[in-house]
Amino acid sequence: LMKRRYTSKSALSVIENIRRNIEGAQFTTDIMVGFPSEGEGEFEETLEFMRRARFLDAHVFAYSRREGTEAYSFPHQIEKSVKEERSRRVQELKNQIRDDILSSLVDNKKEEEALIETLENGVYTAHTPSYVEVKIDAEDLPRDLCGKTVWVLPVSHNKGILNCKIIKFGDI
């Protein structure tokens, strides 16, 4: 019904191939729930796809009916309460997978490269090459690290953010 040119099987194949060839590769996605005619079976397939793909993050949203679109007149529109429940379930799974990925990074104690982007309220925000968001306590650090590369050690995580300490400076 949504006229996608790919299947979940082909998308998963690409994700798995990239992960076999690029250590630490992470993915994010958008997930829509409640498209007209989405049954419980199709929704369960979405959850299974998420479990297998193991997305670092996902933007989750419910289908909203818009006049002028082809789907506006599709039969079997999904009730708002069903869309809300499905959105909640996808959010919970997304958070669980993300937390598992971040816990693994902390447990493995693997040094990560990170690009520092901002300094706000005594905390640097950075991202790893696989776009994991990193927070670094800036106390006792130079205040001119924005735009610089550093090597960090993950020490904990909270709400999708990896808390790290700098172990060496990169390009400064």
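The values are calculated or read from the model by the stated rules, or taken from the named source; none is laboratory data. From a predicted model like this one, the values you see are computed outputs, not experimental measurements. Cβ sites come from the backbone with ideal geometry, for glycine too, and all protein chains shown count toward neighbours. Heavy atoms of the whole protein, side chains included, go into the accessibility calculation; ligands, DNA and RNA do not. Shrake-Rupley method; radii C 1.70, N 1.55, O 1.52, S 1.80 Å.
General observations
- Just one of (1) open to solvent by 70 Å² or more (accessible area, probe 1.4 Å); (2) touching a residue at least 24 places away in the same chain (Cβ under 8 Å) fails for TYR6. It is (2).
- Residues (assigned to a helix (DSSP H, G or I), open to solvent by 50 Å² or more (accessible area, probe 1.4 Å) and either among the β-branched types (Val, Ile, Thr) or modelled with pLDDT under 95 (or both)) located in segment 52-78: GLU70, TYR72, SER73
- Looking only at segment 123-136, and only at residues there that are at pLDDT 95 or above and not β-branched (Val, Ile, Thr), the one that is nearest to LYS94 (Cα to Cα): GLU133
- Residue satisfying condition, being surrounded by fewer than 16 Cβ atoms within 10 Å (Cβ to Cβ), among the small types (Gly, Ala, Ser) and farther than 21 Å from GLN26 by Cβ, within set SER103, SER81: SER81
- Among the residues of segment 21-41, those identified as surrounded by 12 or more Cβ atoms within 10 Å (Cβ to Cβ) and over 17 Å from ARG98 (Cα atoms) are MET32, VAL33, GLY34, PHE35, PRO36, SER37, GLU38.
- Candidate set from segment 28-79 (those that are among the polar types (S, T, N, Q) and in contact with a His (Cβ under 8 Å, 6 or more places away or on another chain)); member that is farthest from SER104 (Cα to Cα): SER37
- Meets criteria (among the aliphatic types (A, V, I, L, M) and surrounded by 14 or more Cβ atoms within 10 Å (Cβ to Cβ)) for ILE18: no
- Residues being of a type outside the set (Val, Ile, Thr) and part of a helix (DSSP H, G or I) - total across segment 29-51: 11
- Qualifying residue in segment 142-151 (condition: in contact (Cβ under 8 Å) with a residue 24 or more places away in the chain and within 30 Å of LEU93 (Cβ to Cβ)): no
- Residues satisfying the stated conditions in segment 130-172, i.e. of a type in the set (Asp, Glu) and either surrounded by 14 or more Cβ atoms within 10 Å (Cβ to Cβ) or under 26 Å from the mean Cα position of the chain (by Cα) (or both): GLU133, ASP137
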